[in-house]
1. Taking the Cα centre of the protein assembly as shown as the origin, how large is its charge dipole in debye, to the nearest 20, when only Lys and Arg (+1) and Asp and Glu (-1) carry charge on their Cβ atoms?
2. Report relative contact order for chain A in percent, whole number only (criteria: Cα-Cα under 8 Å, sequence separation at least 6).
3. Rounded, prolate or oblate: which fits the range B:1-51, taking a ≥ b ≥ c as square roots of the Cα gyration tensor eigenvalues, rounded meaning a/c under 1.5, else prolate when a/b beats b/c?
4. Evaluate the Kirkwood expression for the hydrodynamic radius of the range B:73-136, namely the inverse of the mean inverse distance over all pairs of different C-alpha atoms, and round to one decimal in Å.
5. Given H placed 1.01 Å from N in the peptide plane, which residues other than close sequence neighbours of residue B:90 have an amide H under 5 Å from its amide H?
6. DSSP beta bridges in the protein assembly as shown, what fraction antiparallel, as a percent rounded to 5?
7. Quick one: net charge around residue A:207, please, counting Lys, Arg +1 and Asp, Glu -1 for every other residue with C-beta under 13 Å from its C-beta.
8. Can you tally the net charge around residue A:16? Count Lys and Arg as +1, Asp and Glu as -1, for every other residue whose Cβ sits under 12 Å from the Cβ of residue A:16.
Amino acid sequence: MLRDITLGQYFPGDTVVHRLDPRTKICMVVVYLVALFTANDAVSMAIMACFLGLVIALSRVKLRLLLRGLRPLLIILTITGLLNMFLTPGEPIVSFWVFNISAEGIYRAVFLVVRIVMMVMGTFILTYTTPPMSLTDGLESLMGPLKRIRVPVHELTIIMSMALRFIPTLIEETDKIMSAQKARGADFETGNLFKRAKALIPLLIPLFISAFRRADELAVAMESRCYHGGEGRTRMRGLKFRRRDALTGLTGAALLAAVIGLVVLR
Amino acid sequence: MLIRTQNLTHTYSVGTPFERTAIRGVDFHAQKGEVIGLIGHTGSGKSTLIQHLNGLLPPTSGTVFFDGEDIHASKQTTKRVRFRVGLVFQYPEYQLFEETVERDIAFGPKNMGLDTGEIAARVEEAAALAGLTKELLQQSPFALSGGQKRRAAIAGVMAMRPEVLILDEPTAGLDPRGRDEIMSGIRRFHRETDATVILVTHSMEEIARTADRIVVMNDGEIAMQGTRNEVFARSAELNAMGLDVPEITRVAMRLRAMGLDLPENIFTVEQAARAILTLKGGGPNAS
Ligand SMILES: Nc1ncnc2c1ncn2[C@@H]1O[C@H](COP(=O)(O)OP(=O)(O)OP(=O)(O)O)[C@@H](O)[C@H]1O
Ligand SMILES: [Mg+2]
């Protein structure tokens, strides 16, 4: 069902990874991504995989959930894999018609697919283990210095947190309206592209109307609680670095150093 | 038996931390022409159960039969059943989308593949049953009042002339007038089409007034069922499940406890008034 989409969803838990400061986690994801794209041979990739495995184990996020998050990417992954397999020049081991598959091609294809999968899994662990609110708090705090050059950081993060907050609500709403129209015989699954696009009208119109209504209600609710932007706003739960954050930071630095070292020394 | 579920179980979000079994081993049945009241505390699985009856939710385990046939036997069967079992969701006004009320009501019949004349006839019939006037039909559904929107949405399902009409809390959030209009529309539909009606509600008064049989759900299971006499006689058990008997029944019970010789089966204000008048001597017509 639509509701089982896991994009940007938070799965509550009480592990070290869950308890880390969101700022640490965001920085770690950045470090992880940089390292992942620096890694260019089997050894450094293996180190990255070990690190990812360790984080998955520590966070106790079910592997099945991570894999399910990958499902929407299946097409992109397949295309990337195939293109690289066929289009990488090299000594062909198999060839038919106009296609040549070389050892280099296979290696490159596997390498890229693994890299994308690891990239997505890494970022999913961030959203799976961090409540949207802490995530945006963390972002706001990290982007704090940008306020000096008049970037409306607070406004941007509140927009983001609202968007995140309403993703599940909208999915639920879509599900409900879809069921209601299906009960009246609407058919969203068969027919050609044109027919399917037309079948979406009974879904989209009520969805937009309810989204606007919600936005209105939210604005009123915020104003009636005297929300007036970020100036002078304090927090109920302040962010605080702890020892585990320092340790995590060190691990991240070590990881990055190891991968860069391997690449440079080669 | 028109509709029957056998050992029906449904689990939401299987395989995630949000996994939850909403109904468990439910054996529900409904006969032709029957009006069934489905009650139960919040989260007891009423909405989940009724969404199985027209094949919107596939059972996790168990079977749903319509007219003796498994409704998930094939895609065609499911589709056919969807037109024969009409389901009105909670807050159905949020599903309105057409430019005019008339066209919105016609959405279901159009999906059934009926011809224009038949569609027009059905729209007119359904609008009359739901208590919508002719002028309203030409307006935008978004210009209507809350109660009118609700009736328009219900008419949209009635227009498919379902053999079973299921309504999920059709009167939630309306004023007494709006509630009465909806309920009398539903009774009118039942009277004129002799369809089976399954009514989910939190209002014991509505149930007492409308239902031939009451089915009580508790924590995903059917806890009791029977006529209103049978069900409302077990008020202590109902209380334990977070439910209650109609208010007027409670009043009658207190009066009886105080020594007034009232009959036990008083569920509506009219019954109470009649019984008290009879007791005072003279019956309803003597003043
Ligand atoms: N789409 C869903 N995904 C996950 N869980 C759900 C979903 N729909 C319902 N549930 C859960 O299933 C249980 C039964 O819900 P259901 O909506 O059937 O109850 P209900 O009896 O209709 O309640 P109410 O009187 O509040 O409408 C609830 O605990 C609810 O949280
Ligand atoms: Mg419900």
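No value in this document is a laboratory result; all are computed from the given coordinates. Treat the numbers as computed from the prediction; the structure is a model and nothing was measured. Cβ placement follows ideal geometry from the backbone for every residue including glycine, while neighbour counts extend to all protein chains displayed.
1. Roughly 1580 debye, rounded to the nearest 20.
2. In percent, rounded to a whole number, it is 31.
3. Verdict is prolate for the range B:1-51.
4. This gives a value of 13.1 Å.
5. Amide H neighbours of residue B:90, under 5 Å, 5+ apart: B:168.
6. Taking every DSSP beta bridge within the protein assembly as shown, about 55 percent pair in antiparallel fashion.
7. Taking every other residue near residue A:207 into account, the sum is 0.
8. +3
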